[in-house]
Amino acid sequence: MEIIERYIIQKSYPHKQEIDDLCFCAKNLYSYANFYIYQSLILKHKYLDVNFREKQLKNFQADLALSTQVVKKYLLGLDFNLLNLLTAIKIYKENKPEFLERDKLLKYQHKEKSRQLLVYIDQIVSKSKMKADLIHLSPNHICIPTVVDYFCLHRVRNVPNIDHDVVEVVYEKEELDYDLKQDAIAAINVGRDNLAALTANQPRFVQVIIKGQIIKSINRYYNQQKAKLKSLLPARKQTSKLLMLMVV
């Protein structure tokens, strides 16, 4: 099974700006690749495959701080999404009464504010650095501490957020067989007034109902205070130190 190890990259992290720049380059690659695809679809009625698109982006890739493997992996992911989108549009045209509306083409992202998720395959990650419990995303200087073994590693993802980034280390771990009973079933039901109700089909299991009024009151107060602080923010600003402290 796949397990994800997450690291929150705050603004104080030494390589935060470098990670942000990489996600910005990924956004530019996304927009540039989409531009070529849409031009080909609209003007020539032809879909550009990954290999032809790589040739078109060869000169543009030199301006990006991204390795060839990262660009290729990114284009393959974009290709998968676009082909699924075109398939959905084709099904819509054949069965219009069964749908409310047609799926729309992917839009271009904001020129300055937008960032894109970036995926590093295991071949790009430095094997020697991982022996020292560090993930080095070559050819950059980004190093993230980890406890994952290199031979279990699948990929590393940079996930951009508003005020921080998340580095996700995806690795494989063998499932352990604890010799559990296959017919033993437990269930949890999240209610409106009760936080949860627990039950099971085992004779000695004690059913539990957890009251949720107090937790809901705390959550309601939190949301009210958060909305009040957000209303005091200047225009085009989405967070502040007080808002970040509320999350902590």
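The values are calculated or read from the model by the stated rules, or taken from the named source; none is laboratory data. Predicted model only: the values in this text are computed from it and were never measured. Cβ coordinates were reconstructed from backbone atoms using ideal geometry, including for glycine residues, and neighbour counts include every protein chain displayed. All accessible areas refer to the heavy atoms of the entire protein, side chains included, with ligands and DNA or RNA removed. Shrake-Rupley method; radii C 1.70, N 1.55, O 1.52, S 1.80 Å.
Of all residues in the range 160-189, how many are out of contact with any Leu (no Cβ under 6 Å at 6 or more places or on another chain), surrounded by 10 or more Cβ atoms within 10 Å (Cβ to Cβ) and not polar (S, T, N, Q)? Give the steps one after another, and end with the answer.
Within the range 160-189, the subset out of contact with any Leu (no Cβ under 6 Å at 6 or more places or on another chain) is 160-170, 172-187, 189.
If we keep only those that are surrounded by 10 or more Cβ atoms within 10 Å (Cβ to Cβ) as well, we get 160-161, 163-170, 172-173, 184-186, 189.
Subset that is not polar (S, T, N, Q): 160, 163-170, 172-173, 184-186.
The total comes to 14.
Name the residue, out of Asp165, Asp149, that is at pLDDT 85 or above, touching a helix residue (DSSP H, G or I) at 6+ places or on another chain (Cβ under 9 Å) and within 30 Å of Tyr74 (Cβ to Cβ). Talk me through it step by step, then tell me what you get.
Details: Asp149 fails: at pLDDT 85 or above.
After ruling out the rest, the residue left standing is Asp165.
Could you list, ordered by first residue, the pairs with Cβ atoms under 9 Å in which the first is in the range 225-248 and touching a residue at least 60 places away in the same chain (Cβ under 8 Å) and the second is assigned to a loop (DSSP other than H, G, I, E, B) and among the acidic types (Asp, Glu), at least 6 apart or interchain?
From the range 225-248, the pairs are Gln238/Asp163; Thr239/Asp163; Met244/Asp163.
Listed residues Leu82, Leu48; which is in contact with a helix residue (DSSP H, G or I) (Cβ under 8 Å, 6 or more places away or on another chain) and modelled with pLDDT of 80 or more?
Values: Leu48 fails: modelled with pLDDT of 80 or more.
On inspection, the qualifying residue turns out to be Leu82.
Can you tell me which residue within the range 189-220, out of those that are modelled with pLDDT under 90 and of a type in the set (Gly, Ala, Ser), is nearest to Met246 (Cα to Cα)?
Step by step, filter the range 189-220, then rank; the result is Ser217.
Go through the range 207-248 and report how many residues are open to solvent by 100 Å² or more (accessible area, probe 1.4 Å), of a type in the set (A, V, I, L, M) and part of a loop (DSSP other than H, G, I, E, B). Before the answer, list the steps.
Just the residues of the range 207-248 that are open to solvent by 100 Å² or more (accessible area, probe 1.4 Å), to begin with: 207, 209, 211, 214, 218, 220-221, 224, 228, 230, 232, 236-238, 241-242, 245, 247-248.
Right, trim to of a type in the set (A, V, I, L, M) and you get 209, 214, 218, 232, 242, 245, 247-248.
Keeping just the survivors that are part of a loop (DSSP other than H, G, I, E, B) gives 232, 248.
Residues flagged as open to solvent by 100 Å² or more (accessible area, probe 1.4 Å), of a type in the set (A, V, I, L, M) and part of a loop (DSSP other than H, G, I, E, B) within the range 207-248 amount to 2.
Just one of His154, His164, His141 is in contact (Cβ under 8 Å) with a residue 12 or more places away in the chain and farther than 19 Å from Ile9 by Cβ; which is it? Break it down stepwise before answering.
Details: His164 fails: farther than 19 Å from Ile9 by Cβ; His141 fails: farther than 19 Å from Ile9 by Cβ.
That would be His154, the only listed residue that is in contact (Cβ under 8 Å) with a residue 12 or more places away in the chain and farther than 19 Å from Ile9 by Cβ.
Could we say that Ile144 is at pLDDT 80 or above and either part of a loop (DSSP other than H, G, I, E, B) or touching a Ser or Thr at 6+ places or on another chain (Cβ under 9 Å) (or both) here? Let's see the steps before the verdict.
Values: at pLDDT 80 or above: yes; either part of a loop (DSSP other than H, G, I, E, B) or touching a Ser or Thr at 6+ places or on another chain (Cβ under 9 Å) (or both): no.
No.
Just to check your reading of the model, which residue among Tyr74, Tyr92, Tyr108 is among the hydroxyl-bearing types (Ser, Thr, Tyr), part of a helix (DSSP H, G or I) and open to solvent by 40 Å² or more (accessible area, probe 1.4 Å)? Step through it out loud before you land on a result.
On the way: Tyr74 fails: open to solvent by 40 Å² or more (accessible area, probe 1.4 Å); Tyr108 fails: part of a helix (DSSP H, G or I).
Being among the hydroxyl-bearing types (Ser, Thr, Tyr), part of a helix (DSSP H, G or I) and open to solvent by 40 Å² or more (accessible area, probe 1.4 Å) holds for just one of Tyr74, Tyr92, Tyr108, which is Tyr92.
Tell me, which residue of the range 114-131 that is in a loop (DSSP other than H, G, I, E, B) and modelled with pLDDT under 80 is nearest to the chain's Cα centre (by Cα)?
Filtering the range 114-131 down to residues in a loop (DSSP other than H, G, I, E, B) leaves 114-117, 122-124, 126.
Narrowing further to those that are modelled with pLDDT under 80: 122-124, 126.
Details: Asp122: 17, Gln123: 20, Ile124: 19, Ser126: 22 Å.
Taking the candidates together, the pick is Asp122.
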